[in-house]
Each structure stands twice: as C-alpha cells, then as structure tokens.
Amino acid sequence: MTDITQEELAKRAEVERIKDASNYLRGTLVKSLQDPLTGALAEYDTQLSKYHGIYQQDDRDLRDERRRQKLEPRYQFMVRIRVPGGVCTPMQWLEVDRIANTWCNHTIRLTSRQAFQLHGVVKRNLKKTIAEINAALLDTIAACGDVNRNVTCNPNPHQSRLHAEVYEYACRISEHLTPQTTAYHEIWLDEELLSSSRQDEEPIYGKHYLPRKFKIAVAIPPSNDVDIFANDLGFIAIAEDDHLLGFNITVGGGLSMAHGDTETYPRLADVIGYCPKNKTLQVAEEIVKIQRDNGDRVNRKHARFKYTIEDRGVEWFKFELNQRLGWNIESPRPFIFEHSGDRYGWIEGINDTWHCTLFIQNGRILDTEDLPMMTGLREIAKVHDGDFRITANQNLIIGQVGSKRKPIIDALLKKYRLAHSYPHTALRLNSMACVAFPTCGLAMAESERYFPSLIDKLDVIIKQTGLENDPILVRMTGCPNGCARSVLAEIGFVGKAPGKYNLYLGAGFYGQRLNKLYRENIGEEQILAELTPILQHYAREREPGERFGDFVIKAGYVKEVLTGKDFHS
Ligand code: SRM
Ligand code: SF4
C-alpha cells in the first residue's frame, strides 16, 4: 500500500477523491444529518453513508408527482444490516421486527446475501434506527461500500456439526475484514472512541479502502446455495468425516454488466487452489490486499476484482498470492456441488434438533390479509430458543428447534399459514427477484412487485406440462446489476425498460454456468409465447434427470457460455 500524489488522485474516479478527503469515512455526515432544510444528505455524504450500511433513496412512485408539485423527492433511506452467514437469534429477530414497524415501512427484506434490509427510514429517524440496531447486537457497518460485504455461508442445517465449524470461519473472515475506523461509532452511537492524539488506521484497507465492493462466500458442498462462483472470493469447505480440513479458494466472480456494453460482463470465479483451515484468514487478507493494490481506481465500471483477474490472468494471481503469503497454496481438492436452491419444510439435524425452511417470496416479510407472515414470525420468535437463518435465496430457516418445542412451532406455522407457504410449484420455490421499484434508484423495470404475477402465469404452463415438481432456477432483476443473480438462472429476466425484459436461458443448475441472451426487450405476452413451446419441448424430450438449463443448450435454443467474455458474443 503506497501513498499517492495529488496528481495521481486527480486522475482517479470521483469516489476515490471522496474517500481520500473523508477522514476515514466521516465526511460531513454529522452536519448532513443535522441539516433540517432537506430530507437528503449532502451529495458527497451519500457516497460515504454506504460504508455505514445506509443508502439514500427516494420513493420512485412519487417522483413525478413531487416534481410537478415542485417538492424535493421523497427522500428516505435503506438500511442494510449485516448478518454474517445469515444467522441471528430470536431476540434479534424481534428487535429487527420492532424497528421495521417503528421507523421503517413495516416490512423486512431478506436479501440475496443473507442480510436484512429495512426501507423507508427518514433522515430524522436514521440515527435512532442505527442505534437500536446496534443495541440488538447487530450492525450495519460495511454492509455496503468499497469494502468486504456481508460474508455469506450456506446454512445447511442437516450438516449441523460441519456447518457450525464452517460458519465460525465465515464470522471470523467477516470480523477480520471489518473496517477499523471509529467513524461509525462516533457518528451513529455518539461514542468518543478516538483520542485526539490518535489517528484512525485501516491496516488492511488503507485510507482509500478498496477500488470497489468486495464479496466473499463460504460454501459447504454439495450445496451451492450461496452461488459461490458469483463472488469475488470464495471458500469451498473440504471436510473429512464431518470435520473441516480446509477450503478450496475461488477468485474473480461477479455478475454485473451494462446492457450492450461488451466491456462489462458477468464472470464466474476460478477455483485456484486449497488452503488448510488455519490459513484461511491470512489467505483472505492477502487476496483483499492484492485487489486493493491492483484494482482499477480510475474506471469504476472496470474496478471489480473480476476484471483484475481477467486482465492479468489466474497464473499471475496465483504467483502474486504465493509471494505475499510466503508459502504456496496447494492444488484444489475434489468437491461436488449438486444444487443451488433451498430445501423446504422440516429437516432433522443433530442432537434432537429440527430445522424448518420457509419459502419467503422474494425475501419480503410483511403482513397481508391472506398471509400474516410478519406477525406469525414474530409470534414464533417469542417462543423459539434456537436461531433464524436467512438463506442466500432470500428464504428463512427456523433453526435448532428442539423436538419438544417442534409441535409448538408447527402449530404457529399452521395458525399463521406459514406452513402453507411451501406447497408451490418447484418453479416458484426456485424463484428469486431483486427489490427494484419503488426504492432502488437503479431499477429500469419492476422486479419484486411484478415477478409473482409472472410466475402465476408461468405456473399455468408448468402445470399443463407436468413440470410442477421439477426445479428450474428462475430469477428476475430490474436492471443488469444482477442483484438476484439473474444471469445464473436457467430462465433469467433482466429489466430493460418499464414492462420490458431481456430473456436469458441456459445457466447451470448448481451455479456453474452463466446463461445466454435468448430474446431482447420483450413484454409479458411475448415472454409467455417464447417460453411455452420451450417448456413443452423440455417436458416431452428431456432425458431422465436432465436440467432445463442443460436441455436448452442441447436443443440449440442458446449456445453454452464458457467464459464471462463469451457472455455477450
Ligand atoms: Fe445489489 C446495487 C440490492 C445483491 C450487484 N443492490 C444495489 C442497490 C444498493 C442499488 C443502488 O446502488 O442504489 C440495491 C438496493 C435496492 C433496494 O432498494 O433495496 C441493491 N443487491 C441488492 C439486494 C437487496 C437484492 C435482493 O433483492 O436481495 C442484495 C443485497 C445483498 C446484501 O445483503 O449485501 C443485492 N447485488 C447483489 C448481488 C448478488 C450477490 O452478491 O450474490 C449482486 C451481483 C453480484 C455481484 O456483485 O457481482 C449485486 N448491486 C449490484 C451492483 C453491481 C455491481 C457491479 O459490479 O457493477 C450494484 C450497483 C453498483 O454497485 O454500482 C448494486
Ligand atoms: Fe436495483 Fe438493479 Fe439491483 Fe434490482 S438488480 S435491486 S434494479 S440495482
């Protein structure tokens, strides 16, 4: 890590200069929060608030009307709560629920990276919200920004012993890479941590943090529900007799692209080697530092680690890593992934415990007349003494339920109709949509609010063709940033404009292959017209066990995507 000159800094992206001048992520956030004349933060601070887990948004449903009325946009904030590995206690659940119903829009959003998101916080309530989250022993630091984000880890309740050991590593990686600045505690928790004689230090990141966001996942084969190959850095658990030995290391995954811009593309991570478990933190730290020192800080569209790897090559990277480690990573160990979805319903664990996975459509927890889900989960949290586990597919596991308490939880699941949430088609159970409108400032088309109704229509075809029990990964995002990992779906929809989507086909069922553009800029009618014959064809002619994504390639609907650079070709 070297200091740079003002001349060099001037050539870098604007966000780099903001970081440089921010005094370790403080900026003028305190002043911005106190300004009563606007519901917004100063523009400069909107970049810095992300590192504190806070995004400034405005209600896009109201944008035009407010503009007509010459009012400022309806500013509000999204708060992302970091939950390493997705595991939280019933007390924490109750607190998140209370905060959501006190300061936010009465919903909780489970994210595709096992975190909580709360929407609709107004500026004057932001500080209280963050303070209450911290009082519940949760935090929002580094949930966003150019740092390592929430570390994901598959919940695997049926592999409880191994999971406990692997989960511990996910938490340790997360802690090791958490920014050290005391700005978060000063700004949000009024803690005077830094004596005037001491300077903040970021031993891993330095004052410019990383060139771009950085994501880490930990997977336990045979489940790839964290979609490990979509991550900048991944650790695949290698175990013997249910005990962890170490991890295969994956580098250079990332899914975002811009429509029609072939310089940007999704890329799946490469498996580069193996490290014993006691070296995990050292490996994670050195890999982050390689990206810190080599990532593109001029062009943010080219700043993710995937481009560093793609441009310089995996061999360069391995050499650089071994040099920095002072020892050589080993060859990768054999592993097999079989699926990337969740398994619903009750599963027996070890030590007389049970775990129940609930399908939460697109991760949105709220009460509706038909399904009082938020109330039901609150009532469960009041009597539950195990844990809650958010899955990377936006679903929820009620974990570690003792066999004596199982009938009580079961009765509550039935009372609040939560148990009814899993007799769906396998298509719906394997669906995922990003947030998009009305909160996401980058959305080009609806996603979460529209997708369930599209699935209703696809379900008709699925039932007609007898495919209701065949899992097919289907995902929608409102733009090509890919937050619900739509380019890893066997049927993927990526928003282009209101009501219009690009249709992608042919990703691998266990996250091992990207999909390919099949039709561009189509609306619902054409989506159904295009997919009906393909699903009929699949139902009629597939081989036993053949996955939809593999079939559409074999049948010639799309070409197989072998590398990220092939994605647009
Ligand atoms: Fe994401 C930005 C939501 C997972 C790639 N993502 C956003 C923002 C914050 C929009 C913004 O920058 O203003 C979205 C907030 C919407 C809202 O109103 O809540 C947003 N991303 C989400 C979540 C909530 C989607 C969901 O429906 O669950 C996920 C939160 C994860 C978490 O808890 O940390 C989420 N985002 C992802 C994933 C999937 C993953 O990581 O497994 C991806 C693709 C993988 C990747 O990173 O390559 C993803 N989000 C992006 C990008 C593109 C990054 C890039 O490389 O260019 C952006 C835009 C950006 O960073 O400039 C983005
Ligand atoms: Fe927003 Fe696009 Fe991410 Fe969807 S994919 S949440 S529209 S940034």
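Quote the charge dipole size of the chain about the Cα centre in Debye, to the nearest 20; the model charges only the Cβ of Lys and Arg (+1) and of Asp and Glu (-1).
Dipole about the Cα centre, nearest 20: 840 debye.
Quantify how much of the Cα-Cα distance distribution of the range 1-40 extends past 17 Å, in percent.
46
For the range 168-271, what class follows from the C-alpha gyration tensor (a ≥ b ≥ c being the square roots of its eigenvalues): rounded when a/c is under 1.5, otherwise prolate if a/b is larger than b/c, else oblate?
oblate
What's the exposure ranking of 64, 59, going from fewest to most Cβ atoms within 10 Å?
Numbers: 64 9, 59 18.
Least to most surrounded, the residues fall as 64, 59.
Pairs of alpha-carbon atoms within less than 8 angstrom and 6+ residues apart define the contacts here; what relative contact order does the chain have, in percent? Could you put the intermediate results ahead of the total?
Numbers: 1280 pairs, mean separation 71.2, N = 569.
Reported relative contact order: 13 percent.
List 3, 470, 45 from most exposed to least, where exposure is judged by having the fewest other Cβ atoms within 10 Å.
On the way: 3 9, 470 19, 45 23.
Starting with the residue having the fewest Cβ neighbours, the order is 3, 470, 45.
Can you give the three extents of the C-alpha atoms in the range 352-421 along their principal axes, from longest to shortest, in whole Å?
Here the spans come out as 33, 26, 18 Å, largest first.
Any idea what log10 I(q)/I(0) is at q = 0.17, 0.18, 0.20, 0.22 Å⁻¹ for the range 253-342, Debye with uniform C-alpha scatterers and no solvent?
-0.85, -0.92, -1.06, -1.17
Can you spot the lysines whose alpha carbon is less than 20 Å from residue 31's alpha carbon? Ignore those fewer than 8 places along the same chain.
Cα-Cα hits under 20 Å: 19, 50, 123, 127, 128.
Using amide H atoms built in the peptide plane, which far-off residues or other-chain residues are under 5 Å from residue 367 H to H?
The answer is 374.
Among 349, 397, 464, whose Cα lies farthest out toward the positive end of the dipole of the chain, if unit charges sit on the beta carbon of Lys, Arg (+1) and Asp, Glu (-1)?
Positive-most Cα among the choices belongs to 464.
Hey, what does the equivalent ellipsoid look like for the range 333-383, semi-axes from the Cα gyration tensor as sqrt of 5 times each eigenvalue, largest first, whole Å? Can you show the working numbers first?
Working: eigenvalues 160, 61, 13 Å².
Listed largest to smallest, the semi-axes of the range 333-383 are 28, 17, 8 Å.
Report the local net charge at residue 36: Lys and Arg +1, Asp and Glu -1, summed over other residues whose C-beta lies under 11 Å from its C-beta. Show your work: numbers first, answer last.
On the way: positive: 123, 124; negative: 35.
Charge balance near residue 36 sits at +1.
From Cα coordinates alone, what are the radius of gyration and Dmax values for the chain in angstrom?
23.0, 74
In Å, what Kirkwood hydrodynamic radius results for the range 86-207 from the alpha-carbon pair distances?
Radius from the Kirkwood sum: 16.2 Å.
Please list, by residue number, every one of the trypsin sites (Lys or Arg not before Pro) in the range 50-83 that is coil in DSSP and has at most 14 other beta-carbon atoms within 10 Å. Please list the in-between numbers first.
Working: sites: 50, 60, 63, 66, 67, 68, 70, 74, 80, 82; in loops: 60, 70, 74.
Passing sites in the range 50-83 are 70.
Per the helix-only calculation at 222 nm, which mean residue ellipticity applies to the chain, given -39500 (n - 2.57) for every DSSP H run of n ≥ 4 and division by its residues, nearest 500 deg cm²/dmol? Show your work: numbers first, answer last.
Numbers: 18 runs with 183 residues, N = 569.
Counting only the DSSP helices, I get -9500 deg cm²/dmol.
Scaled to the compact-protein estimate 2.2 N^0.38 Å, what is the alpha-carbon radius of gyration of the range 373-474, rounded to two decimal places?
Values: Rg = 16.4 Å, N = 102, 2.2 N^0.38 = 12.8 Å.
Computed over Cα atoms of the range 373-474, the ratio equals 1.29.
Using only alpha carbon positions, build the gyration tensor of the range 19-120, then give the equivalent ellipsoid semi-axes as the square roots of 5 times its eigenvalues, largest first, whole angstrom.
On the way: eigenvalues 134, 81, 27 Å².
Here the semi-axes work out to 26, 20, 12 Å.
In what sequence, highest mean first, do 474-483, 535-544, 94-103 appear when ranked by Cβ atoms within 10 angstrom? Kindly include the intermediate steps, with their values, before the conclusion.
Details: 474-483: 25.1, 535-544: 13.9, 94-103: 19.0.
Result, highest mean first: 474-483, 94-103, 535-544.
Near residue 219, within a Cβ-to-Cβ distance under 9 Å, what is the net charge of the other residues, with Lys and Arg +1 and Asp and Glu -1? Numbers along the way, then the final one.
Values: positive: none; negative: 225, 227.
It works out to a net charge of -2.
Sort 11, 301 so the one with the fewest other Cβ atoms within 10 Å of its own Cβ comes first. Please report the intermediate quantities before stating the final value.
Details: 11 11, 301 15.
Ordered by Cβ neighbours within 10 Å, fewest first: 11, 301.
In Å³ and rounded to a whole number, note down the convex hull volume per residue for the Cα atoms of the range 445-530. Please report the intermediate quantities before stating the final value.
Numbers: hull volume 7.4 nm³, N = 86.
About 86 Å³ per residue, rounded to a whole number.
Using alpha carbon centroids, what distance separates the range 95-128 and the range 490-542, in Å?
Centre-to-centre distance over Cα atoms comes out at 33 Å.
Would you mind checking 406/463; 207/289; 301/565 for any pair whose Cα atoms are more than 23 angstrom apart?
Values: 406/463 33 Å; 207/289 13 Å; 301/565 15 Å.
Cα-Cα > 23 Å for 406/463; rest within.
Where a number appears in this text, it was derived from the coordinates with a stated rule and is not lab data. Please read these numbers as outputs of a predicted model, since none were measured by experiment. Positions of Cβ are backbone-derived with ideal geometry, glycine not excepted, and every protein chain shown enters the neighbour counts.
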